[in-house]
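**Q** For reference, the structure I am asking about is given below.
No value in this document is a laboratory result; all are computed from the given coordinates. The shown structure was predicted, so the numbers you read here are calculated from the model rather than taken from an experiment. For neighbour counting, all protein chains shown are included, and Cβ atoms are generated from backbone atoms with ideal geometry for every residue, glycine included.
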C-alpha cells in the first residue's frame, strides 16, 4: 500500500454506526495513523480523505463519523450530515459493522441509506478474530449485500481480501453472489489459468472450434477474463480465459492494468467449478506454476493440470509420460491430487480428453459419503495407521461425518482437543481420494473434540 497521488480517483467511503472500527480500518489501509482512534463513540467527527493504492489500483479512501447510532456527542447531528454528504459522492461504499455487538437497528439504517445510492457495496464484519466471532458474523448477510468479509482491522486479518473486492467492484467485476444468481445451476464453469504464454487462449479457441456451438462471448474489463460458452455432451460449459498470472514484483512493475487482471484471474477461480492449470510441457515447472496451483486449491475448485505443447516434448520413450506426471506433481505441491492431461492446443491432441477429465473432477466435487461408510473407512484406516500421540496421550479418531460438498468437507471427532499433524491429515485426504473417488478436488478436514455421550455408536 502507498499514498502516491493518482489522477481520476474513485471515491471509496467507509460508513457505519459509531465505534465499529472505521478509523481503525482507515488507518490500517492508509498505512499510518491520520485518524484518532479511541473506544469512545463519536471520536471521529470530520471526514478524512487519503489517497491509497492496492494491487496497482489507486482510489481515495474516505473515513466518516458514525451514522445513525447512539452517541453522547452533542455534535453528532453535524457529524451525520457530513458523513451523508460524503456518501453522495461515493463510487463504492464499505459498510463496516461490529461482530461482537451483532446486527443492530442502526446497522440496518445505514444499509437502507446506502442502498438508495445505487453504487457497489462491500460489507466488512469487523472484530472477527476467532471461531466464535466468525460464527456470529453470518447474521450480517441479512443486510442484503454481497460480498461480506470477516475482518479484524486492528490486526489486519481479512483486510487484503476486502480490498481485493473493492478493486474488483471498482473495475466493474460482479460479485460472487451476483454471478451465482445469474448462473445456470447445470452449467459447468471452468477457469483456464496459468503463466503468460503457456497457451491458455489457444486452448480455449481450440475447444470452442471443436464443438462448433459457441453461444456467446462476454468480455469483462481490462484484459480480463473472457467467457466462452460451449456445449459438451449436451451440457453448457463456460470456459473463462484469464490473463497470465506473473510474480507480484513483475505485476507491480507493469502497472494497474495487469494488476487488475491478476485479481480477476483469482476471482475466476473462486467462482469456477474446476480450474484448468495450464503449464508448458516443454519447460520445467516453475515456482509461479506452483503458486497458481496453490491459488486454485485455496479457491476450493477442482483442479486439472493441462500439460500443453506436448507436441514439442522430445524423447518420449516408454515410461516417459508416467515420469513426467510424477515430476510435475512433485513441482506443484498444492495440486498433487490433480490429474494430468497431455495435450497440444496447436494440433488438437487429446483436447476431448481434457473436457472428459474436467467433467470427472466436477462429479467428484459433488460426491457425498454416508456417515456409515465414512466411519467404517475411518476404523479401517486408523487400525492400520493410527495418529501419533500428543503429550503421551493416545489420539483416537472416534467418528466422522461429511459436512458439505463442492469442495468435499469432513468433520472428524477425536477423544481430545487437538489438531492432527499435517502429514497425517495429508494421509487421510489421500486415502479418502483412493477409497471414494475424490479425483482432482481439494478436501477440507476439520478436527474437533467429541462431545458424544458414552456408549453412543
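**Q** Which peptide among 120-128, 199-207, 90-98 comes first, and what is the full order, when sorted by highest mean count of other Cβ atoms within 10 Å?
**A** Most protected by this proxy first, the peptides run 120-128, 90-98, 199-207.
**Q** Please give the peptides 106-115, 229-238 ranked by average Cβ packing (other Cβ atoms within 10 Å per residue), highest first, as a rough proxy for protection. Before the final figure, lay out the partial values.
**A** Numbers: 106-115: 18.7, 229-238: 16.0.
Highest-to-lowest ranking by the protection proxy: 106-115, 229-238.
**Q** Based on C-alpha coordinates, I'd like the Rg and Dmax of the stretch 328-435, in Å.
**A** Gyration radius and largest Cα-Cα distance of the stretch 328-435: 17.6, 60 Å.
**Q** Calculate the length of the line joining the C-alpha centroid of the stretch 11-27 to that of the stretch 114-152, in whole Å.
**A** 13 Å
**Q** Ordered by packing density, taken as the mean number of other Cβ atoms within 10 Å over each peptide's residues, highest first, how do 413-424, 329-340, 289-300 rank? Mind showing how you got there, number by number?
**A** Working: 413-424: 13.8, 329-340: 19.2, 289-300: 21.0.
Final packing ranking: 289-300, 329-340, 413-424.
**Q** Need one number for the stretch 98-176: average projected area of the convex hull over its C-alpha atoms, nm². Please list the in-between numbers first.
**A** Working: hull surface 20.9 nm².
The number I arrive at for the stretch 98-176 is 5.2 nm².
**Q** Also, quick follow-up: Would you kindly compute the Cα radius of gyration of the stretch 387-457 and its largest Cα-Cα separation (Dmax), both in Å?
**A** Cα-based Rg and Dmax for the stretch 387-457 come out at 12.9, 38 Å.
**Q** Another question, if that's okay. Across every pair of different alpha-carbon atoms, what Kirkwood hydrodynamic radius in Å does the stretch 80-133 reach?
**A** Details: mean 1/r = 0.0818 Å⁻¹.
So the Kirkwood estimate lands at 12.2 Å.
**Q** Still on this structure, please answer the following. Roughly how compact is the stretch 126-171, stated as its Cα Rg over 2.2 N^0.38 Å to two decimals?
**A** Numbers: Rg = 11.2 Å, N = 46, 2.2 N^0.38 = 9.4 Å.
Normalised by 2.2 N^0.38 Å, the Cα Rg of the stretch 126-171 equals 1.19.
**Q** Can you work out the FRET efficiency for the pair residue 133 and residue 233, with r the C-beta to C-beta distance and R0 = 35 Å, to the nearest 0.05?
**A** Working: r = 45 Å, r/R0 = 1.29.
After rounding to 0.05, the efficiency reads 0.20.
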